[in-house]
């Protein structure tokens, strides 16, 4: 079994994540992961297992699915996100609006919108969500890797809360989890630069990258 089938079987116990109460969301403008960068990363490591931390409506994961399918790669993409959005969305900073949250009863419906967009893009076979924090999601993946139920991921993409302490934790745990020779990359260098202090990294298409 591949990573998605393994995780769905073990964690969801037959309950399939379907967009039954989703809401359509127009193109979310804050997806900075380019097709060019995805292609460069895939040419280098040929990933079978790609983890994304911080997905919002799934725009970057959908791009990864598009590129890997075009390249003939069998890549499972697992998105770890509590789907509650970051503080900049709640506060309406940087031109965003909390209308993106789709609040119902005081709770965001970002997860439902994510499922719907992935379904409409035709990539439910390659993308699954773990609706939880990065700490919880990475711990679960580590447990499965330790008992040999999952391979180590070849790529981890960080685009989470961009809070320095959280990003520093995510970088440390991701580097421990990656397959040797794997790639860690992420968004918003201007916000999270202190979390990268003391580490060598490159920049491609505006994204920072660490090759292990």
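Tabulated values for the structure
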| item | result |
| --- | --- |
| The lone exception for residue 179 - which of (1) part of a helix (DSSP H, G or I); (2) more than 14 Å from the chain's Cα centre (by Cα); (3) farther than 23 Å from residue 110 by Cβ; (4) in contact (Cβ under 8 Å) with a residue 24 or more places away in the chain it fails | (1) |
| Among residues of the range 117-130, those that are out of contact with any strand residue (DSSP E or B) (no Cβ under 7 Å at 6 or more places or on another chain) and over 14 Å from residue 3 (Cα atoms), counted | 6 |
| Only one of 33, 37, 103 that is in contact with a strand residue (DSSP E or B) (Cβ under 9 Å, 6 or more places away or on another chain) and either modelled with pLDDT of 95 or more or surrounded by fewer than 22 Cβ atoms within 10 Å (Cβ to Cβ) (or both) | 37 |
| Subset of the range 189-211 [surrounded by fewer than 13 Cβ atoms within 10 Å (Cβ to Cβ), modelled with pLDDT of 75 or more, in contact with a helix residue (DSSP H, G or I) (Cβ under 8 Å, 6 or more places away or on another chain) and more than 21 Å from residue 35 (Cβ to Cβ)] | 199 |
| Criterion violated by residue 77 - all others in (1) surrounded by 23 or more Cβ atoms within 10 Å (Cβ to Cβ); (2) out of contact with any strand residue (DSSP E or B) (no Cβ under 9 Å at 6 or more places or on another chain) satisfied | (2) |
| Subset of the range 49-107 (residues that are assigned to a loop (DSSP other than H, G, I, E, B) and under 17 Å from residue 154 (Cα atoms)) | 71, 72, 73, 74, 75 |
| Single residue of 129, 135, 146, 113 found to be in contact (Cβ under 8 Å) with a residue 24 or more places away in the chain and surrounded by fewer than 20 Cβ atoms within 10 Å (Cβ to Cβ) | 135 |
| Residues of the range 131-169 that turn out to be at pLDDT 90 or above, in contact with a strand residue (DSSP E or B) (Cβ under 9 Å, 6 or more places away or on another chain) and either outside any strand (DSSP E or B) or over 19 Å from residue 210 (Cα atoms) (or both), as a count | 14 |
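The values are calculated or read from the model by the stated rules, or taken from the named source; none is laboratory data. The shown structure was predicted, so the numbers you read here are calculated from the model rather than taken from an experiment. Cβ atoms come from the backbone with ideal geometry, glycine included; neighbour counts cover every protein chain shown.
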